[in-house]
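Trainee: Let me begin by handing over the structure; questions about it come next.
The values are calculated or read from the model by the stated rules, or taken from the named source; none is laboratory data. All values reported here derive from a predicted model rather than from experimental measurement. Here the Cβ is made from the backbone with ideal geometry for all residues, glycine too, and neighbour counts use every protein chain on show.
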Amino acid sequence: MALPKIGKKFDNAIQQTDREQKIAELQAEIENLRNSRSPDLEKELEKLREQLEKQSGETEIDVNLIVPNPNQPRQTITHESIQGKARLLKKHGQISSVILVPHEKGRYILLDGQLRWEAAKLLGWETIRAVVVNPPDDLDQSSLLTFLGFEDLNPLDKAEAVFKELTKNTELELDLIITALGTVLKRIERDKKTKELTKLIALSSEKQQEGLEYLRIVGEEQNILLMILELGLNPGSVKANLMPMLSLPEDLKIAIRQQGLKGAHALALSTLSAKVLNISEKKAATERISLTKKVIEENLTVAETRERMKIIKSKYLKSKKVTSKEVKTAIDRISKLSKNSLKEASPEQLTELRALFEKQLGEINKILQ
């Protein structure tokens, strides 16, 4: 299955290096008209401005005519991030254009730049500078390629977007994709071919397919890896860093999206689970939420986070002691004391044995309490 490269997504946005000369000529003509004071000066200037705008590939679009892409990869847009972007726009102006595709009734869908658009609305801007491109064949995939190339997605948004694209294009259930990806990468690692797989990222679609066939990867496994490679991602990194994001507890997902918790910290904190701590789900969530708050407030490193986790685990996990050989031997000998052996013993021996048992029983009870 051949997928479009990200560079082809913006063929309709004219490159600056190819239009500098034309823009310079139009600007010179505008200056000449100003100097000539022609009767039709304003009319001619307006025409030239339109031509100049077309040559630059950019235009001012009413912010109210723009609608967000409902399936865009970035699902985490906090009010704080919008305020931060608004401060930058107010101070430095709009440095880069948003990218739009035509929509119905004269409107446009955002392909790239929702944070800038939201910030512009917050500032009360009526228009925003944009480049309008023809609608791609697959808007969802185009959006994902755009974000993977230009935007800093948090790992949770990235994981959900990537696996959504995989399920859509392979027509497989998420569980099957996760199982297949884990199986094929384990086999590649076992065959010591991981480096060969990584090298395929920079190759063309045709070469990627040839490389996978050389690695004896076919069928559904090939389709999954081709999709990942076409997105410019390392399959091993997807398995290690993105796949675990999907199964994080809800409290950690919220912390990533609303509080800026890093992915590596979230993966570490996820081990404070009910199963590991042998406590209820509610109690485990309470411990995670409490430590997550400290991680964010104190800006702890992953190593420091793990040290704090050890303290929590020590509260619930009692260390298992090694079986004592001496006690085991004693148990074996006592179990061999038959009724006849006890009858043959003298009263003094039985009294001494009873006293010894009573003493040891008292010690055992103290330990077990």
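Trainee: Here is a list: K325, K313. Which entry is over 25 Å from the mean Cα position of the chain (by Cα) and surrounded by 11 or more Cβ atoms within 10 Å (Cβ to Cβ)?
Mentor: K313
Trainee: Additional query: Among the listed residues L111, L115, which satisfies the condition of being at pLDDT below 80 and either among the small types (G, A, S) or under 25 Å from the mean Cα position of the chain (by Cα) (or both)?
Mentor: Answer to the check: L111.
Trainee: Which residue out of A264, A285 is surrounded by 14 or more Cβ atoms within 10 Å (Cβ to Cβ), out of contact with any strand residue (DSSP E or B) (no Cβ under 7 Å at 6 or more places or on another chain), closer than 25 Å to N154 by Cα and not assigned by TED's automatic domain parsing to the domain that holds E160?
Mentor: Step by step, each of A264, A285 is checked, and only A285 is surrounded by 14 or more Cβ atoms within 10 Å (Cβ to Cβ), out of contact with any strand residue (DSSP E or B) (no Cβ under 7 Å at 6 or more places or on another chain), closer than 25 Å to N154 by Cα and not assigned by TED's automatic domain parsing to the domain that holds E160.
Trainee: Looking at T179, T170, which is the one that is surrounded by fewer than 19 Cβ atoms within 10 Å (Cβ to Cβ), within 26 Å of A264 (Cβ to Cβ) and not assigned by TED's automatic domain parsing to the domain that holds A266?
Mentor: Just a single option satisfies the conditions, and that option is T179.
Trainee: Take E104 and decide whether it is among the acidic types (D, E) and modelled with pLDDT of 80 or more. Break it down into steps so the answer makes sense when it comes.
Mentor: Values: among the acidic types (D, E): yes; modelled with pLDDT of 80 or more: no.
Taking the combined requirement at face value, the residue does not satisfy it.
Trainee: Could you check, for the range 249-258, whether at least one of its residues is out of contact with any helix residue (DSSP H, G or I) (no Cβ under 6 Å at 6 or more places or on another chain), assigned to a helix (DSSP H, G or I), among the basic types (K, R) and at pLDDT below 90?
Mentor: Yes, that holds for at least one residue.
Trainee: I'd like to verify a number: residues in the range 332-358 that are exposed (fewer than 10 other Cβ atoms within 10 Å of the Cβ) and either touching a strand residue (DSSP E or B) at 6+ places or on another chain (Cβ under 6 Å) or assigned to a helix (DSSP H, G or I) (or both), how many?
Mentor: So the answer is 11.
Trainee: Sticking with this one: Scan the range 144-159 for residues that are crowded, with 19+ Cβ neighbours inside 10 Å and either at pLDDT 85 or above or among the small types (G, A, S) (or both) and jot them down.
Mentor: Selection gives L156, A159.
Trainee: Quick one: in the range 187-220, which of the residues that are exposed (fewer than 14 other Cβ atoms within 10 Å of the Cβ) and of a type in the set (A, V, I, L, M, F, W, C) is nearest to the chain's Cα centre (by Cα)?
Mentor: Residue satisfying both the conditions and the ranking: A202.
Trainee: Still on this structure, please answer the following. Out of the residues in the range 288-301 that are surrounded by fewer than 17 Cβ atoms within 10 Å (Cβ to Cβ) and hydroxyl-bearing (S, T, Y), state the one that is nearest to K313 (Cα to Cα).
Mentor: Among those that are surrounded by fewer than 17 Cβ atoms within 10 Å (Cβ to Cβ) and hydroxyl-bearing (S, T, Y), it is S290.
Trainee: Please pick out the residue among L229, L181, L261 that is within 19 Å of the chain's Cα centre (by Cα), more than 19 Å from I312 (Cα to Cα) and assigned to a loop (DSSP other than H, G, I, E, B).
Mentor: Step by step, each of L229, L181, L261 is checked, and only L261 is within 19 Å of the chain's Cα centre (by Cα), more than 19 Å from I312 (Cα to Cα) and assigned to a loop (DSSP other than H, G, I, E, B).
Trainee: Continuing with the same structure: In this structure, is Q259 farther than 13 Å from D157 by Cα and surrounded by fewer than 17 Cβ atoms within 10 Å (Cβ to Cβ)?
Mentor: Answer is yes for this residue.
Trainee: From the residues in the range 89-137 that are crowded, with 21+ Cβ neighbours inside 10 Å and β-branched (V, I, T), which one is nearest to D62 (Cα to Cα)?
Mentor: Only one residue fits best here, namely I128.
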